[in-house]
Amino acid sequence: MSSVRRLMVTMANSLALKHGLSLWCCPHSASLNQVPKSSSIAFSSFRRSFVVASSAFANENREFVIVGGGNAAGYAARTFVEHGMADGKLCIVSKEGVAPYERPALTKAYLFPLDKKPARLPGFHTCVGSGGERQTPDWYKEQGIEMLYEDPVSGLDIEKQTLMTSSGKLLKYGSLIIATGCTASRFPEKIGGNLPGVHYIRDVADADSLISSLERARKVVIVGGGYIGMEVAAAAVGWKLDTTVYLQFTLILLYSTECNCFLDIPKYPKQNLPDDAIIFPEDHLLQRLFTPSLARRYEELYQENGVNFLKGVSIKNLEAGSDGRVAAVKLENGSTIEADTIIIGIGAKPAVSPFEIVGLDTSVGGIQVDGQFRTSVPGIFAVGDVAAFPLKMYNRIARVEHVDHARRSAQHCIKALLSAQTHTYDYLPYFYSRVFEYEGSPRKVWWQFYGDNVGETVEIGNFDPKVATFWIDSGKLKGVLLESGSPEEVKLLPVLAKIQPPVDKAKLQNASSVEEALEIARASLQTEVAV
Ligand SMILES: Cc1cc2nc3c(=O)[nH]c(=O)nc-3n(C[C@H](O)[C@H](O)[C@H](O)COP(=O)(O)OP(=O)(O)OC[C@H]3O[C@@H](n4cnc5c(N)ncnc54)[C@H](O)[C@@H]3O)c2cc1C
């Protein structure tokens, strides 16, 4: 290593960002770390020193390499193209066998009943979610982007600026963008986590495998009541309605992400265990965002669709039948629940390997970056789910596992790399989910949330036709969730969450409808401006 480079790596390492807590893990924690104010300026002084000028794909040199072929990679590639810096310069190395696609589709339109026009590739390649040209495999060819499929990166040498892939390829990079996302948390093998019929959903191959199980499923168990659990349960309802599949019941067993274990609360006597049930060791659905009362409304909706919930049970293990496929869930209380298809949705972990050397965050997990997605090693960046970044508006470090952040972080990072852009990423947290959207569904469900779910809450409206929850902290409106909002109403949410106007809680509580509550919130914006 040259002495200049050594000095720069030392400088960069000494400026490594402090660790913080995950937005999702502990959004209300008082111990959230402050973002070091100096990091951005210091990083920028040597930002592009190590871009090597090499573009021939015929040899081992690549000017820009993106590792990962997911949401963030797709939008990063698009930004390279927009800057005229893709052709002959950009290489994407992916573990998957297909071009980047909009991952959220996998538990939504991908799982529609087979006669309800389920989404399939190339229908949801990158940009379907945000508009713009469809980035099919041909698009990458036309843009002169080299794609290496099904060849995960297994090694990194930061001194030689090289990557090693599983097939043994050696790739020299000028700038490296790590966009490896997350991997689904799994049940350990010793409790049956790898049995045939047990599914985890992270990529299109996982979703295909699930569909082949659903086609012959009789009894489906879903473990986890977060996004994946809620979306797959809604899909399972659709399969029951419209196919000959015997989906006799859907069962959700909730796993506690706080202790990474199944909570051993109420023991259900064997004889009291309902035939069709959803089981929770946690209190309610989507605990990290929904209030108990909001979750109750969603639970009721699922129940109306034939899904039952049973709370407070621990899983001992998953058991195989005589054919070796999963056949039952064994509970700690001695009960056995029959199931031929089990979907486990208990969270995900950032896919940091083999990049640990660039600097990890120990509390939110993932790779530490600054406000322009630079790691502590010059020329190496991380974006999307895997990046632990400064969440400027709340002055804390966060890792966000949502597609909106994957897109925006990729675009911000590549713009900063290729242009004079120097401003810090300023993200407003935004989450959404959509379920029961297939044709003929009894009710489509679509909610959006902007901001921070901190402080007290005010909930307005009946679930039918819509409901809104407002989070108020120190008299200011911090976050808003709206179910089934009109486009006009939805447009208001980010404005409210960004400006955080002071609101009169009592007035909001007295609103007779969601529309009236939103008008009160809108009016508080004017007060803020007047002040
Ligand atoms: C089923 C599902 C439903 C979702 N629904 C929603 C939703 O409704 N709303 C929402 O906001 N978000 C949703 N998300 C989250 C959203 O999809 C992610 O936040 C987003 O995909 C993150 O983009 P990413 O590029 O960082 O990671 P990913 O899209 O996961 O891409 C990572 C890529 O890197 C590859 N990879 C990993 N390691 C290596 C390696 N060593 N070498 C090469 N390649 C590697 C992976 O195979 C993958 O292709 C959902 C996620 C899933 C799994």
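The values are calculated or read from the model by the stated rules, or taken from the named source; none is laboratory data. These figures come from a predicted structure and were not determined experimentally. In this analysis, Cβ positions are derived from the backbone assuming ideal geometry, glycine residues included, and neighbour counts consider all displayed protein chains.
A few notes on this one:
- Residue within region 73-80 that is away from the ligand (no atom under 14 Å from the Cβ), surrounded by 14 or more Cβ atoms within 10 Å (Cβ to Cβ) and more than 18 Å from the chain's Cα centre (by Cα) present: yes
This table checks each residue for (1) in contact with a Phe, Trp or Tyr (Cβ under 6 Å, 6 or more places away or on another chain); (2) within 25 Å of Gly379 (Cβ to Cβ); (3) assigned by TED's automatic domain parsing to the domain that holds Ile228; (4) not β-branched (Val, Ile, Thr).
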position: Glu102; (1), (2), (3), (4): yes, no, no, yes
position: Tyr110; (1), (2), (3), (4): no, no, no, yes
position: Arg134; (1), (2), (3), (4): no, no, no, yes
position: Met147; (1), (2), (3), (4): yes, yes, no, yes
position: Gly174; (1), (2), (3), (4): no, yes, no, yes
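- Among residues of region 352-366, those that are more than 12 Å from the ligand (Cβ to nearest atom) and closer than 16 Å to Ile66 by Cα, counted: 1
- Whichever residue in region 408-429 is of a type in the set (A, V, I, L, M, F, W, C) and not in a loop (DSSP other than H, G, I, E, B) and, among such residues, is surrounded by the fewest Cβ atoms within 10 Å (Cβ to Cβ): Leu418
- Selection count where residues are among the aliphatic types (A, V, I, L, M) and within 22 Å of the chain's Cα centre (by Cα), scope region 184-198: 2
- In the set Leu114, Leu106, Leu121, only one residue is more than 11 Å from the ligand (Cβ to nearest atom), modelled with pLDDT of 95 or more, closer than 30 Å to Ser441 by Cα and in the same structural domain as Met164 (by TED's automatic domain parsing); that residue is Leu121.
- The number of residues in region 431-452 that are surrounded by 20 or more Cβ atoms within 10 Å (Cβ to Cβ) and modelled with pLDDT of 95 or more comes to 4.
- For region 463-488, a tally of residues being free of Cβ contacts under 8 Å to residues at least 60 places away in the same chain and in a loop (DSSP other than H, G, I, E, B) returns 8.
- Restricting region 377-407 to residues that are surrounded by fewer than 22 Cβ atoms within 10 Å (Cβ to Cβ) and in a helix (DSSP H, G or I), the residue that is nearest to the ligand (Cβ to nearest atom): Asp404
- On the stretch given as region 339-376, residues that are aliphatic (A, V, I, L, M) and in a loop (DSSP other than H, G, I, E, B) total 6.
- Residue list for region 330-363, filter: among the β-branched types (Val, Ile, Thr), crowded, with 17+ Cβ neighbours inside 10 Å and under 24 Å from Ser376 (Cα atoms): Val352, Val358
- The number of residues in region 191-214 being touching a residue at least 60 places away in the same chain (Cβ under 8 Å) and either farther than 20 Å from Ala99 by Cβ or among the β-branched types (Val, Ile, Thr) (or both) comes to 15.
- Region 81-98, residues that are hydrophobic (A, V, I, L, M, F, W, C) and touching a strand residue (DSSP E or B) at 6+ places or on another chain (Cβ under 6 Å): Leu90, Cys91, Ile92, Val93
- Test result for Ala506, surrounded by 14 or more Cβ atoms within 10 Å (Cβ to Cβ) and either in a loop (DSSP other than H, G, I, E, B) or not assigned by TED's automatic domain parsing to the domain that holds Gly379 (or both): no
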